[in-house]
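*Asks:* Structure below; questions to follow.
The values are calculated or read from the model by the stated rules, or taken from the named source; none is laboratory data. Values in this document were obtained by computation on a predicted structure and should not be read as measured data. Counting neighbours? That spans all protein chains shown, and the Cβs are built from the backbone with ideal geometry, glycine included. Note: accessible area is taken over every heavy atom of the protein model, side chains too, but ligands, DNA and RNA are not part of it. Shrake-Rupley method; radii C 1.70, N 1.55, O 1.52, S 1.80 Å.
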Amino acid sequence: MNFLKIKDIPTVQWSSDRPLNFKPKVKTLFYLVLGLAIFGFGESLLIHSMIGLSPWLVLAEGIAINLNWSIGFATFACSVGVLLLWLPLKQQPGIGTILNIIIIAGTIDLSMYLFDFSTSSYFINLIVGSLGVLLVGLGSGIYLTANLGPGPRDGLMTGLQRVTQYPIAWVRICIEVFVVGIGWSLGGTVGVGTLLFAFGIGPAVAFGLHLVTKINKNS
């Protein structure tokens, strides 16, 4: 369980030397895209499971209800708002920040179109949702180590971790629980999957980083 104490994004053999790198190595770009695709597929599994939205979608739904926006536009507005929070944290965007939005959204839509993992069994849906959270964490661990700029929410996580020096797992849990609270108070839908994501994503990201570090050492 030592991975729960991870405080830094590790540097691996495919890591870019800087986030603002517009000519990354092919290997670096490959792991970035792979991680984001796994992340997006994990998110889609949570939607397929029908046991609750992820915290940020709960927030987007709550905002959409109150402002009569679509969830898509509310999600975009949330992303812009989170990027503004990067300013005092001195986070640097990059190719990964842009591809984060495009690839994750595209993978979710493709998965929802090609697959249907939902069943009438609550137990199986719970397993599917749990696997989704684990894959989101693993995908995060892969793409964050590319060091080509985190997505809006992961950038907030790494920025707050750097400022507070608390372990990544606990920083992420605090963010997700805070977001769920706001979204729920605004009328967003909360389910078991929401709580599973809120409390599980921090350890899942930390485990993903730990696994990637192990793979890097053995390669």
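*Asks:* Which FRET efficiency value, to the nearest 0.05, do you get for Tyr122 and Ser70 by plugging their Cβ-Cβ distance into 1/(1 + (r/R0)^6) with R0 = 25 Å?
*Replies:* Efficiency for this residue pair is about 0.25.
*Asks:* Shifting gears a bit: Label region 29-78 by shape, choosing from rounded, prolate and oblate, from the square roots a ≥ b ≥ c of the eigenvalues of the Cα gyration tensor; if a/c is under 1.5 it is rounded, and otherwise prolate applies when a/b is larger than b/c, oblate when it is not.
*Replies:* oblate
*Asks:* Quick check: pseudo-label points 7 Å beyond the Cα along Cα→Cβ at Asn216 and Thr189, how many nm apart are they?
*Replies:* Distance between label points: 3.9 nm.
*Asks:* Would you mind calculating the gained length between Leu85 and Thr164 on full extension (0.36 nm times residue separation, minus the Cα-Cα distance), in nm to one decimal?
*Replies:* Result: 26.9 nm gained on full extension.
*Asks:* Report the dimensions of region 55-129 along its three principal axes from the alpha-carbon atoms, largest first, rounded to Å.
*Replies:* 46, 32, 21
*Asks:* Compute the accessible area per residue over region 33-127, keeping the other protein chains in place, probe 1.4 Å, unit Å².
*Replies:* Here the residues of region 33-127 average 53 Å² of exposed surface.
*Asks:* Have a look at Gly35, Gly191, Gly183 and tell me which one the Gaussian network model of the chain (Cα, springs below 10 Å) gives the largest fluctuation.
*Replies:* Result for the chain, Cα springs under 10 Å: Gly191 fluctuates most.
*Asks:* Could you tell me the relative contact order of region 1-113? Use alpha-carbon pairs under 8 Å, at least six residues apart, and round to a whole percent.
*Replies:* 39
*Asks:* Along the charge dipole of region 1-49, Cβ charges K/R +1 and D/E -1, which of Ile47, Gly35, Phe22 sits furthest on the positive end?
*Replies:* Result: Phe22, furthest along the dipole toward the positive end.
*Asks:* Over the alpha-carbon set of region 92-137, divide Rg by the Kirkwood Rh and report the Rg/Rh ratio to two decimals.
*Replies:* My calculation puts Rg/Rh at 1.12.
*Asks:* Out of the total accessible area of the chain (probe 1.4 Å, heavy atoms of protein only), what percent is carbon and sulfur?
*Replies:* Carbon and sulfur: 71 percent of the exposed surface of the chain.
*Asks:* What net charge is computed for the residues neighbouring Trp170, neighbours being all others with C-beta under 13 Å from the C-beta of Trp170, Lys and Arg scored +1, Asp and Glu -1?
*Replies:* +2
*Asks:* Still on this structure, I have one more. Test of understanding: in a Gaussian network model of the chain with alpha carbons linked when under 10 Å, which of Ile168, Ile47, Ile102 would top the mean-square fluctuation ranking?
*Replies:* Its mean-square fluctuation being the largest, the pick is Ile102.
*Asks:* DSSP loop (so not H, G, I, E, B), at most 12 other Cβ within 10 Å: list which chymotrypsin sites (Phe, Trp or Tyr not before Pro) in region 1-90 pass both filters.
*Replies:* Phe22
*Asks:* Taking the chain as the reference, fit the longest principal axis to its C-alpha atoms, fit the long axis of helix 71-89 to the helix C-alpha atoms, and give the angle between the two in degrees, 0 to 90, nearest 10.
*Replies:* 40
*Asks:* Could I ask something else about it? In debye, nearest 20, what is the charge dipole magnitude of the chain about its Cα centre with +1 on Lys and Arg Cβ and -1 on Asp and Glu Cβ, if you could check?
*Replies:* 840
*Asks:* Related question: Gap in Å between the Cα centre of region 20-87 and the Cα centre of region 176-195?
*Replies:* 16
*Asks:* Right, something else. May I ask which residue of Asn125, Gln13, Val82 lies farthest towards the positive end of the charge dipole of the chain, with charges of +1 (Lys, Arg) and -1 (Asp, Glu) on Cβ and the Cα centre as origin?
*Replies:* Result: Gln13, furthest along the dipole toward the positive end.
*Asks:* Something else now. At what distance in nm do the modelled label points of Gln92 and Lys5 sit from each other, each positioned 7 Å from its Cα along Cα→Cβ?
*Replies:* Placing both labels 7 Å beyond Cα along the Cβ direction yields 3.0 nm.
*Asks:* Which is farthest toward the positive dipole end of region 57-180 among Pro167, Asn66, Ala105, measuring Cα position about the Cα centre, with Cβ charges +1 (Lys, Arg) and -1 (Asp, Glu)?
*Replies:* Pro167
*Asks:* Given 20 °C and 1.002 mPa s, how large is the Stokes-Einstein diffusion coefficient of region 149-199 in µm²/s, with Rh as the Kirkwood radius over Cα pairs?
*Replies:* Answer from the Stokes-Einstein relation: 184 µm²/s.
*Asks:* Viscosity 1.306 mPa s, temperature 10 °C: Stokes-Einstein D of region 4-131 from its Kirkwood Cα radius, in µm² per second?
*Replies:* Approximately 94 µm²/s, per Stokes-Einstein.
*Asks:* Next question, about the same structure. Using C-alpha positions alone, give me the convex hull volume of the chain per residue in cubic angstrom.
*Replies:* Output value, Cα hull per residue: 124 Å³.
*Asks:* Oh, and also: Cα gyration tensor of region 113-219, axes a ≥ b ≥ c as square roots of the eigenvalues: rounded (a/c below 1.5), prolate (a/b > b/c) or oblate?
*Replies:* Oblate.
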